[in-house]
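The values are calculated or read from the model by the stated rules, or taken from the named source; none is laboratory data. Small disclaimer: the values here were computed from a predicted structure and weren't measured. For neighbour counting, all protein chains shown are included, and Cβ atoms are generated from backbone atoms with ideal geometry for every residue, glycine included. SASA here: full protein model, heavy atoms, side chains in, ligands and nucleic acids out. Shrake-Rupley method; radii C 1.70, N 1.55, O 1.52, S 1.80 Å.
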Amino acid sequence: MKLVRVSLAVVVVAATVVVPSGVAAADDVTWVGPLSTRGRYVVDARGDRFKLKSGNWHGASGTWNGSGDVNDPANHHAGEKADRIPLGLDRARLDAIIDGFAELGLNSVRLPFSNQMVHDTAVLPDASVAANPELRGKTPLQVYDAVVDRLTARGFAVILNNHTTTTRWCCGVDGNERWNTAQSTRQWQDDWVFMARRYAANKRVVGADLYNEVRRTVWDDPNWGTGDDHDWQRASQEVADRIQLEGNKDLLIIVEGINWTGIPVDGLPHGRPTLEPVRTLSHTLIDSGKLVYSAHFYGYTGPNHSGATGIGETHDPRYQDLTPEQLRDVLYRQAFYVSAETGQHFTAPVWISEFGSGGRENTDPVSRAWFERFVDYLVQADADFAYWPLVGFHTNRTGNGWALLHWDAAGNRMGLFDGDDWRASAWTRLIGASGKTGQVAPVERWSMLNADHADFQQSRAVRSLPDWNPGARKAVCPDGQRVIGLSHTGNRGLCTGSWAAPTSFTTVRDESFVDTDWASGYTKVQCPADHYLAGYSATGAAFSAGLCARAPNPLGRTGRTVWFDRGDNRPSGNPGGEFAYGGYKGQCAPDEYVAGVAYTGRIGSGRTPDALLCRR
C-alpha cells in the first residue's frame with residue numbers, strides 16, 4: 001500500500017539542467033540483453049553485473065480511485081488522471097519524459113499495467129496524448145507498446161509489471177488484492193503469456209514482475225505454500241513455468257513477497273510477511289538463473305503496520321519509527337537476507353521495486369530521516385532498486401510531491417535537481433554509489449523440489465516425455481541439476497549442479513540395479529550405472545520411484561550410505577539451506593551424486609526415504 005504510485009525508469013540528459021557528476025545517460029548503452037542472474041547479482045548477456053537502477057512510471061495500471069466519474073480528475077489519485085496509459089503523455093513529449101529519466105541516472109523502468117488494459121480495445125481520446133499527436137487513434141495497449149519501444153530504443157531496460165487487475169489506483173481492499181480476486185487464475189496466466197510473447201523479440205524488455213502487493217481481501221488472506229487458490233507461492237511458480245515454456249524464456253521472473261495478512265486491529269494477528277517465507281520455501285524455475293525476488297518499503301508503513309491513519313491504524317511501529325539498528329535488522333529479516341546469504345536454495349537478487357517519500361512540501365523530520373536512512377541501507381547493501389513514482393503533476397510547483405519529475409498543464413517541468421528538493425542529495429548518493437561492477441563469476445546453483453500438493457517437474461526434457469509414473473506426484477530437478485538431498489518426510493528435495501542436460505532417463509521402482517547391499521533389510525531403489533537421481537515420485541507420503549538421468553560422463557562406483565531416519569545427516573554448514581523445515585534431511589556432499597534411495601515397509605515406517613547412496 002502507498003500514498004503515491006508511478007512506474008518506469010529511464011535516463012537521459014537535459015541540456016538546461018545541472019546534473020550531478022557521475023550520472024550517465026541510458027542512451028550511452030554498454031549492456032547487452034537479455035538479463036540473467038548469478039547468485040545475488042543480475043547480469044547481462046556477457047556476464048557483467050547490471051544493477052537495476054530503476055523507477056516506476058505508473059498510469060497504465062490506473063489512477064482512478066474507484067468511485068465517481070472516471071473522467072473527472074478529482075476522482076483520480078492526487079488529481080493525476082492517466083487515462084489508462086503511462087502518466088504525463090498529455091503534458092509532455094515522450095522523449096522529454098525519457099530525457100528526465102536519463103537525467104536521474106536510471107538504466108531501467110518498471111512499467112505497471114492492468115489486465116483490463118491488456119483487453120481494452122477503446123481508442124483513447126486525443127486529449128489523453130495531447131503532447132504526443134503521433135499516438136492519437138491508439139488503444140491503451142498500443143500506447144504502452146510505443147512507450148516500451150521508445151524506452152528500449154533509448155537504451156533502458158523495461159520490466160513489465162502486472163500491477164492491478166482492473167484499471168484503478170492500488171492498493172487497498174479494492175478488488176485487486178490477489179491475482180485472482182477479480183479474474184480467474186487461468187486468465188491471469190494467459191495474459192502473462194500474451195504479454196511475454198508480445199515483446200519477446202525485444203531483448204531490452206528484460207523482466208516479468210508477476211503481481212503487485214498481494215494482500216488480504218475483506219474475508220481472507222493470501223498464503224505461502226498451502227496449495228489452495230490463495231497460495232501466492234504456488235500461483236507465482238505456476239505462472240513462471242508458463243511464461244518460460246510458452247511465452248519468453250529470456251525474461252527475468254520477479255516475485256514480490258506477500259504484502260499484508262491479517263486484520264489491522266490491536267490484539268489480532270496481522271503483519272507484512274514480505275520475503276520471510278522464502279527462507280524455507282523458494283521458487284525453482286525451469287530455466288535457472290532468471291529468478292529475482294522483490295519487496296516494497298515505505299516509511300509510513302511497518303512490519304506490522306498497514307500504513308493507515310485512523311481506521312485500520314494500530315499501535316505497531318512504522319518503519320520510520322524504528323531506530324537505525326532496528327530498521328537494519330527488520331529489513332534484513334524481511335528481505336535482504338535473500339541476497340546476503342549466498343549458497344542457499346533461496347539465494348537471488350533482491351530488487352526493492354518500490355520505495356519513496358514526499359519531496360518539497362514534506363517538512364516532517366521523521367519521514368525525511370527515514371528516507372535518508374533507507375537510502376544509506378540500499379547503498380550499503382549494493383541493492384537493486386526502483387523509486388516510486390517517477391512522474392507526477394504540479395501546479396505552480398505544488399502538488400502530490402512524491403514524484404521525481406513533475407509537469408504542469410502547460411508542459412513546464414519541475415525536476416529533482418532544480419535546487420529546492422531535499423531528496424536530491426540522497427538520490428545522488430544512491431545513484432552514484434560504488435558497488436560490484438564488471439564480470440560476475442558463475443556460482444553453484446541450489447534448487448528446492450516441492451511435491452507437497454502436485455507434480456513439480458522443472459525439467460524441460462522430462463516435460464516433453466510421457467508420464468513416467470502415473471498416479472504419483474513427481475518432482476524433477478531442472479535440466480543439468482541432480483538431486484543432492486531428500487527429506488525423510490514431506491516430499492521435499494534439494495538439487496544442485498551444472499551438468500549438461502540429460503538426453504535419456506530411466507524410471508526405477510525396485511531393486512533391479514542394486515549392485516551391493518548398501519542398506520541391509522531395506523528396499524533399495526538404485527539407478528543404473530552412470531546414472532544419477534534427477535527426480536523422485538511419491539504416492540501419499542510414500543516414496544514410489546526414482547527418475548534416473550544418464551550422466552554425460554562415467555560416474556564413480558564407490559560411495560557411502562547416508563542415514564537420516566532419526567535425524568539430519570548433512571555436510572558441514574548445511575549447503576543449500578533449509579529445504580524441508582521440520583523434517584529430517586539427508587544430503588550427499590557437493591562432490592557426490594545420489595545413486596539410490598532406501599526405505600522400509602515395516603509397520604509404522606510410512607515407506608518414506610530413510611537413506612541415500614552417495615557416490616563420488
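Residue check, W232 against (1) crowded, with 21+ Cβ neighbours inside 10 Å; (2) out of contact with any Phe, Trp or Tyr (no Cβ under 7 Å at 6 or more places or on another chain), all met but one. Which one?
(2)
Quick one: what pairs do we get from the stretch 70-87, first residue touching a residue at least 24 places away in the same chain (Cβ under 8 Å), second buried (at least 17 other Cβ atoms within 10 Å of the Cβ) and among the hydroxyl-bearing types (S, T, Y), C-beta under 6 Å, 6+ apart or different chains?
From the stretch 70-87, the pairs are H76/T63; H77/T63; E80/T63; A82/T63; D83/S128; R84/T167.
Here are some residues: V143, V129, V158. Which one is touching a Leu at 6+ places or on another chain (Cβ under 6 Å) and more than 28 Å from D250 (Cβ to Cβ)?
Answer to the selection: V129.
If you take the residues in the stretch 427-443 that are within 23 Å of the chain's Cα centre (by Cα) and of a type in the set (G, A, S), which one is least open to solvent (accessible area, probe 1.4 Å)?
Checked the stretch 427-443; the qualifying residue least open to solvent (accessible area, probe 1.4 Å) is G435.
If I go through the stretch 393-420 residue by residue, how many of them are out of contact with any strand residue (DSSP E or B) (no Cβ under 6 Å at 6 or more places or on another chain) and open to solvent by 10 Å² or more (accessible area, probe 1.4 Å)? Don't jump to the end; show me each part of the working.
Narrowing the stretch 393-420 to residues out of contact with any strand residue (DSSP E or B) (no Cβ under 6 Å at 6 or more places or on another chain): 395-396, 398, 401-402, 404, 409-412, 416-420.
Add one more test, that the residue is open to solvent by 10 Å² or more (accessible area, probe 1.4 Å), and what stays is 395-396, 398, 401-402, 409-412, 417-420.
Count: 13.
Among (1) crowded, with 17+ Cβ neighbours inside 10 Å; (2) among the basic types (K, R); (3) part of a loop (DSSP other than H, G, I, E, B), where does K524 come up short?
(3)
Can you find, within the stretch 142-200, the residue that is farthest from L210 (Cα to Cα) among those that are among the charged types (D, E, K, R) and outside any helix (DSSP H, G or I)?
Once the filter is applied, the top-ranked residue is R154.
Go through the residues of the stretch 94-108 one by one and say whether even a single one is modelled with pLDDT of 95 or more, within 19 Å of L405 (Cα to Cα) and in contact with a Pro (Cβ under 7 Å, 6 or more places away or on another chain). Before you say what the answer is, go through the steps one by one.
Applying the first criterion (modelled with pLDDT of 95 or more) to the stretch 94-108 yields 94-108.
Next, from what is left, pick out any that are within 19 Å of L405 (Cα to Cα): 94-108.
Narrowing the set further to residues that are in contact with a Pro (Cβ under 7 Å, 6 or more places away or on another chain) leaves none.
No - not one qualifying residue is present in the stretch 94-108.
Looking for whichever is modelled with pLDDT of 95 or more, open to solvent by 40 Å² or more (accessible area, probe 1.4 Å) and not polar (S, T, N, Q) here; the options are A335, A340. Which one fits?
Criteria check complete, one pass: A340.
Within the stretch 368-392, track down each residue that is more than 23 Å from the chain's Cα centre (by Cα), more than 13 Å from L327 (Cβ to Cβ) and open to solvent by less than 20 Å² (accessible area, probe 1.4 Å).
Within the stretch 368-392, V391, G392 meet the criteria.
Of the conditions (1) within 20 Å of Y211 (Cβ to Cβ); (2) open to solvent by less than 10 Å² (accessible area, probe 1.4 Å), G47 fails just one. Which one is it?
(1)
From the residues in the stretch 67-113 that are β-branched (V, I, T) and over 18 Å from M414 (Cβ atoms), which one is nearest to the chain's Cα centre (by Cα)?
V109
Which one is nearest to E592 (Cα to Cα), of the residues in the stretch 463-512 that are more than 27 Å from the chain's Cα centre (by Cα) and touching a residue at least 60 places away in the same chain (Cβ under 8 Å)?
If we take residues in the stretch 463-512 being more than 27 Å from the chain's Cα centre (by Cα) and touching a residue at least 60 places away in the same chain (Cβ under 8 Å), then H488 is nearest to E592 (Cα to Cα).
Which members of the stretch 62-79 meet the condition of being touching a helix residue (DSSP H, G or I) at 6+ places or on another chain (Cβ under 7 Å), open to solvent by less than 10 Å² (accessible area, probe 1.4 Å) and among the small types (G, A, S)?
none
It is to be established whether one or more residues within the stretch 255-265 are under 24 Å from R204 (Cβ atoms) and crowded, with 17+ Cβ neighbours inside 10 Å.
Yes.
Among the strands (runs of 3 or more DSSP E) contained in the stretch 371-488, which hold 3 or more residues that are modelled with pLDDT of 95 or more and within 30 Å of D610 (Cβ to Cβ)?
Of the strands (runs of 3 or more DSSP E) lying wholly inside the stretch 371-488, those with at least 3 residues that are modelled with pLDDT of 95 or more and within 30 Å of D610 (Cβ to Cβ) span 446-450, 473-476, 482-487.
Just name the residue that is farthest from E256 (Cα to Cα) out of those in the stretch 98-121 that are part of a helix (DSSP H, G or I) and touching a Lys or Arg at 6+ places or on another chain (Cβ under 6 Å). Spell out how you get there, then give the answer.
Initially, the stretch 98-121 is screened for residues part of a helix (DSSP H, G or I), giving 98-103, 115-119.
When the remaining residues are screened for being touching a Lys or Arg at 6+ places or on another chain (Cβ under 6 Å), the result is 98, 117.
Values: I98: 26, M117: 21 Å.
Filtering first and then ranking leaves I98.
Suppose we filter the stretch 533-565 for residues that are under 18 Å from L613 (Cβ atoms) and in a loop (DSSP other than H, G, I, E, B); how many remain?
8
What do you reckon, is T314 open to solvent by 60 Å² or more (accessible area, probe 1.4 Å), out of contact with any Leu (no Cβ under 8 Å at 6 or more places or on another chain) and of a type in the set (S, T, Y)? Steps first, please.
On the way: open to solvent by 60 Å² or more (accessible area, probe 1.4 Å): no; out of contact with any Leu (no Cβ under 8 Å at 6 or more places or on another chain): yes; of a type in the set (S, T, Y): yes.
Criteria not met by T314.
Identify all residues within the stretch 557-571 that are over 26 Å from N469 (Cβ atoms) and open to solvent by 30 Å² or more (accessible area, probe 1.4 Å); write none if there are none.
Our first condition is that a residue be over 26 Å from N469 (Cβ atoms); within the stretch 557-571, this holds for 557-558, 560, 566-571.
Within the stretch 557-571, R557, T558, R560, R566, D568, N569, R570 qualify.
Out of P609, P590, I need the residue that is touching a Pro at 6+ places or on another chain (Cβ under 7 Å), under 30 Å from L465 (Cβ atoms) and assigned to a loop (DSSP other than H, G, I, E, B). Which one?
Result: P590 is the single residue among P609, P590 that is touching a Pro at 6+ places or on another chain (Cβ under 7 Å), under 30 Å from L465 (Cβ atoms) and assigned to a loop (DSSP other than H, G, I, E, B).
Checking V206 against (1) crowded, with 24+ Cβ neighbours inside 10 Å; (2) among the hydrophobic types (A, V, I, L, M, F, W, C); (3) within 24 Å of Y298 (Cα to Cα), only one condition comes out false. Which one?
Only one criterion is unmet by V206, namely (3).
Filter the stretch 579-594 down to residues that are surrounded by 24 or more Cβ atoms within 10 Å (Cβ to Cβ) and not small (G, A, S), then give me how many there are.
6
Just to be sure I understand, how many residues within the stretch 253-272 are without any contact (Cβ under 8 Å) to a residue 60 or more places away in the chain and assigned to a loop (DSSP other than H, G, I, E, B)?
Final tally of qualifying residues: 7.
Only residues that are open to solvent by 20 Å² or more (accessible area, probe 1.4 Å) and more than 14 Å from A60 (Cβ to Cβ): list them for the stretch 132-149, please.
Matches in the stretch 132-149: P133, E134, R136, G137, D149.
Of the residues that make up the stretch 350-365, is at least one in a loop (DSSP other than H, G, I, E, B), without any contact (Cβ under 8 Å) to a residue 24 or more places away in the chain and among the acidic types (D, E)?
yes
Given (1) within 30 Å of W31 (Cβ to Cβ); (2) in a helix (DSSP H, G or I); (3) open to solvent by 10 Å² or more (accessible area, probe 1.4 Å), identify the lone condition not met by D250.
Here D250 clears every test but (2).
Does V29 fit the bill of being within 23 Å of L252 (Cβ to Cβ), hydrophobic (A, V, I, L, M, F, W, C), open to solvent by less than 60 Å² (accessible area, probe 1.4 Å) and in a loop (DSSP other than H, G, I, E, B)?
yes
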